[in-house]
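Below: the structure, in structure tokens.
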Amino acid sequence: KQWYQRRVAITAGGDEDTCTAFLLGGIGELNDKREPNFLVVKKDTTIGDIESHLKRLLARKDIGIVLINQHIANDVRHIMEAHTAAIPALLEIPSKEHPYDPSKDSILKRAKGMFNIDDMR
């Protein structure tokens, strides 16, 4: 099988509003082990819980894209920056209460390092 035939799931990790929106959009599911492909991060969610859930998502063979609120990604930045595989793609998204800051996005930082402005002229 090709990678696109095996990795079809999109996952989300974020605040309640973000996860609710994605779940209403149809991305929520459980794998064979009854593990969800999303994590609703609340005030009492520990960084350890976020780290372990993110590591499990990144290790799953059925996941192609992991979406995470940027303010939550900041808490697990070491995992975000250590993830170098193209698939699953790990993308930071804004939340309703926390605007997107491109200077903190690890994927954008890598992309900027790949191109020189002179190459675009």
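The values are calculated or read from the model by the stated rules, or taken from the named source; none is laboratory data. Given the structure is predicted, the values throughout are model-derived calculations rather than measurements. Cβ: placed from backbone, ideal geometry, glycine included. Neighbour counts: every protein chain shown. SASA here: full protein model, heavy atoms, side chains in, ligands and nucleic acids out. Shrake-Rupley method; radii C 1.70, N 1.55, O 1.52, S 1.80 Å.
The single condition from (1) open to solvent by less than 70 Å² (accessible area, probe 1.4 Å); (2) in a helix (DSSP H, G or I); (3) modelled with pLDDT of 85 or more that ILE65 fails is (2). Residue by residue through region 33-50, note down the ones that are under 17 Å from ASN69 (Cβ atoms) and part of a loop (DSSP other than H, G, I, E, B). Those that are under 17 Å from ASN69 (Cβ atoms) and part of a loop (DSSP other than H, G, I, E, B): ASN37, VAL41, LYS42, LYS43, ASP44, THR45, THR46. Checking each residue of region 101-115 against the condition of being among the acidic types (Asp, Glu) and at pLDDT 90 or above gives no match. Here GLU92, GLU81 are screened, and the one residue that is open to solvent by 70 Å² or more (accessible area, probe 1.4 Å) and under 15 Å from the mean Cα position of the chain (by Cα) is GLU81. Before we move on, is LEU24 within 19 Å of THR84 (Cα to Cα), at pLDDT 85 or above and aliphatic (A, V, I, L, M)? When the stated conditions are applied, LEU24 does not pass them. Among residues of region 20-33 that are farther than 15 Å from ILE63 by Cβ and open to solvent by less than 80 Å² (accessible area, probe 1.4 Å), those with a beta-carbon under 8 Å from a residue that is modelled with pLDDT under 85 and of a type outside the set (Asp, Glu) at least six positions away or on a different chain give the pairs LEU23/ALA12. Is one or more of the residues making up region 51-62 modelled with pLDDT of 85 or more, in a helix (DSSP H, G or I), open to solvent by 70 Å² or more (accessible area, probe 1.4 Å) and in contact with a strand residue (DSSP E or B) (Cβ under 9 Å, 6 or more places away or on another chain)? Scanning region 51-62 turns up no residue that is modelled with pLDDT of 85 or more, in a helix (DSSP H, G or I), open to solvent by 70 Å² or more (accessible area, probe 1.4 Å) and in contact with a strand residue (DSSP E or B) (Cβ under 9 Å, 6 or more places away or on another chain).
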